[in-house]
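Working notes, structure below.
The values are calculated or read from the model by the stated rules, or taken from the named source; none is laboratory data. Remember, it's a predicted structure, so these values are computed and weren't measured experimentally. All Cβ positions, glycine included, derive from the backbone under ideal geometry; neighbour counts span all protein chains shown.
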Amino acid sequence: MNILANIFSACLLLVQQTPVPKDLPLPLPLPEELLVVLLVVSFLVHILFVNLMFGGALLTLFFEALGYVKKNEDYDKLSLEIAKTTTVNKSMAVVMGVAPLLTINTLYTLYFYTANALTGLMWIMIIPLVIVAFLLLYAHKYTYEALRHNKPLHLAILALAVGLFLFIPLIFLTNINLMIQPDKWLMVKGFVSALGLPNVWPRYFHFIMASLGVTGLFLFWWFSRRAYDFEGTFNTLKLYDLKKRFYSITFGASVAQFLIGPIVLLTLPEKGLSWHMILVIVTGASISIPALVYIWKEINGEPAKIGRRFPWIATCLSFTVIFMGYGRHLYRATSLETHQKLVKQKTEEYRLAVEEARKEALSPQKDTTQVAVLSPGQVVYENNCKACHALDQTLVGPSFKEAAAIYKNDKASLMAWIKKPGKKREGAAMPAQTQLNEKELGDVADWILTLK
Amino acid sequence: MDFPIFHLDFFGDRLMIAVIAILHVLINHGLAVGLVPIVLCMEIKGLKDPTWDRLAYKILTVAFIITTTVGALTGVGIWFSSSLINPYSIGSLIRVFYGAWFVEWTVFVTEVILIMIYYLTWKKKHKTEAHQLVGKSYHVLTGYALAIFSWVTMAIIVAILGFMMDPGNWNNDRTFLSGFTNPIYVPQLTFRTFLALTTGGAVALCLTMFFTDKNSEIRKKSVRFLSKWIFAFIPFTLIAGFWYYLVIPEGMLKNMSVAVGTQQFQNYYEILRQVLMYSLGGVLLIVGFAFLYPRFTPPKWAFFIPVLLMFGLLGYFERVREFIRKPYVIGGYMYSNTFRVEDYPLLQRDGILKHSAFVSTKEVTAHNQYEAGKNVFLIACSRCHTTGGVNSLVEKFDNMYGNTGKPWGASAMKAYISNMHLSRYYMPPFPGNEKELDALIVYLKGIQFNSAPAEGVQNTGLELGTAKDQSLTSNP
């Protein structure tokens, strides 16, 4: 609450200020529309596997715990079977994440990086947190036998991984939210305060429900594959009951989306809303309705017929997901439109300024005056010694007037010193100037000895 | 740099990138590129003698678990960390190399899918003996494919790295192909390949000690096999290492004197050679012993030594490679403070603060010198230095002025910073104007005796300077 109050008061003070940085002065590698398509498609593939990994881990935990409570071996086996899919899906989730990451980097460079930096510590923590979660998943999967008699421990390992999985999406969601709200950039101080952005939590529950919905459907398919030897694996569990269960998970989660979805929409900052986007989202949501009706019918219909309409259901829901993904993009594009224009203008102004300053610096008068005065020895000095030696003042090393007095008429020793300095004075030592060749050494020594 | 500045004022930002990147390279070279061919050879031997097959599977289990967790995530972590710390340069690289990275990504996806197939179907049971044989030969084929794809992933990355090291190319032709044709590409790839194969051997040998019984037949056979493997690749590693060193472009060599460790080690070449010789020599010694006396082996942990030596060598080369790129992140185009070379005339005239969107001081005034100086530090020096942690500026200046405990001289500092790029090739020229330099010195002299960390935006949030120039902010 405190955080919200803080943000609110900060809001009042700072609505006036939105930073407008300049963009990278390099063209996009591909036409923008193509990048958008790549971003939306690759992100959906990524999030699909993330859903399966997360939902899989959750259901593994659920069924293993159920087996433990009910003392039913079959649930234990079931959880192991689900765990096996999870460890594959999690690897896919990571590799599939690279493409949208690179694409969002390209399309929304400024916005994405700014959000990353503002929540920097937590953002980089994603890496170790995911590593730990994955290792825990393996530890869990490969100890089913070894920890058969210590179920609480075995469950605890998985619960820890699931706990991490519950937390990590918050980091991503915070960033994705922060990135499209440049007007909030001045208000956040690190991750925790950014968590208070209005849209983060509704989206989080939206994500969790989506994961359960997708995973329910996936597992329905997984266990009803012809190649899968269900009877050979389980003793008491009936495939029909399991199918009903997975359908129910998808059904329940999807119905919940009809409650959470509107909240997500309402809490979105208004700036990005457009009729176009709302139309896309509403269309997506309506496509899911026939799917839900079918699921309901199959759950309550004849046992022998369950699964017949599965392809239909999966197709409808896939379209829902595609529409949602596209709607999500539209929202982002609209939110950032004005800001992007300002950025573009700023970038162009900067480019012109850079060019102008370069021309000025290259103007011929300047060049000739400089080049004409420098002797070869002085050039060596400018490039190698100036950081530590001035003509008549002690910097890191003594002044060169002092040096000239020491080495009067003794060019050879001066050259020897420069090549291989000794240690005379208190303080730092001089590094050997081994990069100079004999001629340069001679030039600089000559030049020093002319100083008085 | 027109991004809010993330900064770790104790560990230093470079250290974070380095830890993640080096971890990734070690796993990629030691457990993927170098180890998969060994597992494959063992599996093939296992077609006749199942003890080989069992050992291969155990070794692969370790590789599988580590590569799909730490390996994969540090790979992503390289993006995360380098874009946090150097958003400008990584953003530029992505824009230019988008296509290359896309190709690299598809190869990487293939690699991950192959390793999952290879590992997870290893013990697949088939209905009949005949099916089993066919199944196994397909499995071996997957192994070949995996070995090839892990190598190709590396080959593409090396091209990108090589590109970044070669000055000039970026400005002349911004295409990915020049990454392959540049003079360091083949030597670097060759070196990495042999280094990876040797390291893979060391890792496999170490694991074998844990997975086989001391007096078993398989222990004897596998130690012989792996030591021969290592003996075979050490000479190639050595030759390729020197070849690689010889072709590192002239301009880059100038910096190499500080590349290795700190400045005191001016005789980098000696050290480089010594690291190469000693680590490979050490490996030879231990492996040779195991080869000659397979029954009489030292304690198991001793076999971590070759692995560590190889990892050390690998890490050392990475550090040198990273360092010789200085002062550029992208040779000739962008300095490692992430200003472009062509930005300099403007910034040195108008100042860096004026052209940064996210700073609390838009210009230096008589009243804000300390704070403005801190902003200048964050923009111009913090990518490589901290105030009091790793590569600390307080320590650097103290050392330079002889640790006298007296306040540093402002005019000496000014002369030094204005010219530091000339005598210290690894640092870019100071990018700001004179007022900003004065402010920086006020700040640095301030922290000389009264250290307060310079925190990044991840802790402090943003505060915008009141800009006189209205175009800098807006009311959308």
- With criteria (1) modelled with pLDDT of 80 or more; (2) not assigned by TED's automatic domain parsing to the domain that holds A:G422, A:P364 comes up short on (1)
- Using the structure shown, decide if B:I27 is in the same structural domain as B:Y118 (by TED's automatic domain parsing) and buried (at least 18 other Cβ atoms within 10 Å of the Cβ). yes
- Message: It is to be established whether one or more residues within region A:145-152 are in a helix (DSSP H, G or I) and hydrophobic (A, V, I, L, M, F, W, C).
- Response: no
- Which residues, taken from region B:378-422, are at the interface with chain A (Cβ under 10 Å from one of its Cβ atoms) and surrounded by fewer than 18 Cβ atoms within 10 Å (Cβ to Cβ)? B:D398, B:N399, B:G402, B:N403, B:T404, B:G409, B:S411, B:K414, B:S418, B:H421, B:L422
- Query: Is it true that some residue in region B:119-141 is within 12 Å of chain A (Cβ to nearest Cβ) and touching a Leu at 6+ places or on another chain (Cβ under 9 Å)?
  - Reply: yes
- Query: In this structure, is A:A285 in contact (Cβ under 8 Å) with a residue 24 or more places away in the chain, under 30 Å from A:Y111 (Cβ atoms) and either over 27 Å from the mean Cα position of the chain (by Cα) or not assigned by TED's automatic domain parsing to the domain that holds A:L217 (or both)?
  - Reply: yes
- Give me the pairs: first residue in region B:371-398 and assigned by TED's automatic domain parsing to the domain that holds B:F358 and closer than 18 Å to B:S81 by Cβ, second residue assigned to a helix (DSSP H, G or I) and at pLDDT 90 or above, beta-carbon distance under 7 Å, and six or more apart or on different chains, which are they? B:H385/B:L393
- Message: Checking A:I3 against (1) within 10 Å of chain B (Cβ to nearest Cβ); (2) more than 24 Å from B:A357 (Cβ to Cβ); (3) at pLDDT below 95; (4) surrounded by fewer than 21 Cβ atoms within 10 Å (Cβ to Cβ): exactly one of these is not met. Which one?
- Response: (1)
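Here is a yes/no grid of residues against (1) surrounded by 21 or more Cβ atoms within 10 Å (Cβ to Cβ); (2) more than 8 Å from chain B (Cβ to nearest Cβ):
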site	(1), (2)
A:H46	no, yes
A:V50	yes, yes
A:F63	yes, yes
A:G67	no, yes
A:I82	yes, yes
A:Y113	yes, no
A:N116	yes, no
- Report yes if B:L346 is assigned to a helix (DSSP H, G or I), over 21 Å from A:E356 (Cα atoms), without any contact (Cβ under 8 Å) to a residue 24 or more places away in the chain and among the aliphatic types (A, V, I, L, M), otherwise no. no
- Provide a single number: the residues in region A:244-275 that are in contact (Cβ under 8 Å) with a residue 40 or more places away in the chain and touching a helix residue (DSSP H, G or I) at 6+ places or on another chain (Cβ under 6 Å). 16
- Task: Looking for whichever is over 35 Å from the mean Cα position of the chain (by Cα) and assigned by TED's automatic domain parsing to the domain that holds A:T334 here; the options are A:L219, A:L242. Which one fits?
- Result: A:L242
- Residues of region B:353-378 being of a type in the set (V, I, T) and touching a Leu at 6+ places or on another chain (Cβ under 8 Å), which ones? B:V359, B:T361, B:V364, B:V376
- Is at least one residue of region A:16-30 among the polar types (S, T, N, Q), under 23 Å from A:S318 (Cβ atoms) and either assigned to a loop (DSSP other than H, G, I, E, B) or under 22 Å from the mean Cα position of the chain (by Cα) (or both)? no
- Message: I'd like to check which helices (runs of 4 or more DSSP H) are fully inside region A:338-452 and have at least 3 residues that are in contact with an Asp or Glu (Cβ under 6 Å, 6 or more places away or on another chain), in contact (Cβ under 8 Å) with a residue 40 or more places away in the chain and more than 30 Å from A:I180 (Cα to Cα).
- Response: A:376-384
- Query: Of the residues in region B:335-360, how many are more than 14 Å from chain A (Cβ to nearest Cβ) and of a type in the set (S, T, Y)?
  - Reply: 2
- Which members of region B:337-380 meet the condition of being among the aliphatic types (A, V, I, L, M) and within 10 Å of B:E436 (Cβ to Cβ)? B:L347, B:I352, B:L353, B:V364, B:A372, B:V376, B:I379, B:A380
- Considering only residues that are surrounded by fewer than 18 Cβ atoms within 10 Å (Cβ to Cβ) and assigned to a helix (DSSP H, G or I), look in region B:292-304 and name the one that is farthest from the chain's Cα centre (by Cα). B:L292
